[in-house]
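Notes follow the structure.
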């Protein structure tokens, strides 16, 4: 590498492989401003045309010959455009240089990472974290990057389920909903680790002008706080069930929402059900929650269980559901080509539309909390609640959510008793 190339790189702060994009961008801004504000004579016009041409040639050679980092290549694109715009200014046309000074976003290339900065375009998490990983390629082992990507994909699924597709317009409530979705099938410590890695990328995005704000402060769970989600009130659940009943009988959304309300199952458990998972045991219709079928998963071994479907609970029409299952396209997400991530997202959107004034801490999972709270208020034995909710211990089942197998009839009677109409209960 010649001294001329080194000198040209130094002008734009491009000789340091460790330089951040912020540092390079600041230097580009300084050079652009100097080129715009500098006074010239007839003699200096000729001299600076030659200077800019030499720098342009040297920087282009560096881009072609050297193993530059992503940030350095970004800087090369910016430097080339500044030099071209500065030459136009010497010819009496300052427009391009003014545009660069007004907005440095105007000097970057059209590559994938930089195109994310175009404020008129949505910024998706998948694009953002890939840009972040691309920048770190030279600093971190591939195995470490692969681990990061695995975690980022989990965050991606949670954001998709909660409907947060454009990070440029994200709110604090969006990130709380993402955290709550992660909590559905993960321990608090695992979720905190994912949030830490998410926050790192979001902070990097703000520092590098992809975002103007990231609402990640104090997003992690505090010690002992497993979840900030709160149950739906009975009136809210009834409103949701009334809405579900207004949908077509062959609609998977109708029965997906209904099953969540009347079983207390996790959203993932319900949205991955197949027709074969609707069973008759001891004369009781049940849903079978397991992970034996490809594409199905459960939180842990205690989540594998069978939960009865009780006719009339919260207005649930069991016969209509069973009849719909016999149709050419059974009313389950998988039968409509909808995967469990998409299904949870769409049901979450439905809840927000039906209950526009709900708390930001109320999500699909709040239907599960409602069921657990109803069990607790009604004095349902801990062991029964454990069997129905799929928890390893009664303490978890009640303290957080409000091994023994029980006959399906007994569990069905338990649910029926909890949701028995007030007038009937009093008689």
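The values are calculated or read from the model by the stated rules, or taken from the named source; none is laboratory data. Small disclaimer: the values here were computed from a predicted structure and weren't measured. Cβ sites come from the backbone with ideal geometry, for glycine too, and all protein chains shown count toward neighbours.
Report, by residue number, each residue of the range 366-395 that is under 27 Å from the mean Cα position of the chain (by Cα) and either in a loop (DSSP other than H, G, I, E, B) or under 20 Å from residue 309 (Cβ atoms) (or both). 367, 368, 369, 370, 371, 372, 389, 390, 391 - these are the residues of the range 366-395 that are under 27 Å from the mean Cα position of the chain (by Cα) and either in a loop (DSSP other than H, G, I, E, B) or under 20 Å from residue 309 (Cβ atoms) (or both).
The residues on offer are 19, 50, 62, and the sole one that is over 36 Å from the mean Cα position of the chain (by Cα) and modelled with pLDDT under 90 is 50.
Of the set (1) closer than 19 Å to residue 16 by Cβ; (2) out of contact with any helix residue (DSSP H, G or I) (no Cβ under 6 Å at 6 or more places or on another chain); (3) in a helix (DSSP H, G or I), all apply to residue 84 but (1). Say we look at the range 400-427 and pick out the residues that are closer than 17 Å to residue 265 by Cα and in a helix (DSSP H, G or I); which of these is modelled with the lowest pLDDT? Only one residue fits best here, namely 400. Among the residues of the range 324-358, those identified as surrounded by 15 or more Cβ atoms within 10 Å (Cβ to Cβ) and in a loop (DSSP other than H, G, I, E, B) are 330, 331, 332, 338, 355, 358. Here the range 93-117 is the region considered, the condition is being in contact with a helix residue (DSSP H, G or I) (Cβ under 7 Å, 6 or more places away or on another chain) and assigned to a loop (DSSP other than H, G, I, E, B), and the residue that is modelled with the highest pLDDT is 94.
Whether a residue is crowded, with 16+ Cβ neighbours inside 10 Å, in contact with a helix residue (DSSP H, G or I) (Cβ under 9 Å, 6 or more places away or on another chain) and either modelled with pLDDT of 95 or more or farther than 30 Å from residue 127 by Cβ (or both) was assessed, and residue 264 passes this test. Kindly establish whether residue 183 is out of contact with any strand residue (DSSP E or B) (no Cβ under 8 Å at 6 or more places or on another chain), closer than 24 Å to residue 343 by Cα and surrounded by 19 or more Cβ atoms within 10 Å (Cβ to Cβ). Answer is yes for this residue. Part of a loop (DSSP other than H, G, I, E, B), within 20 Å of the chain's Cα centre (by Cα) and either closer than 24 Å to residue 359 by Cβ or in the same structural domain as residue 173 (by TED's automatic domain parsing) (or both), is that true of residue 265? The answer is no for residue 265.
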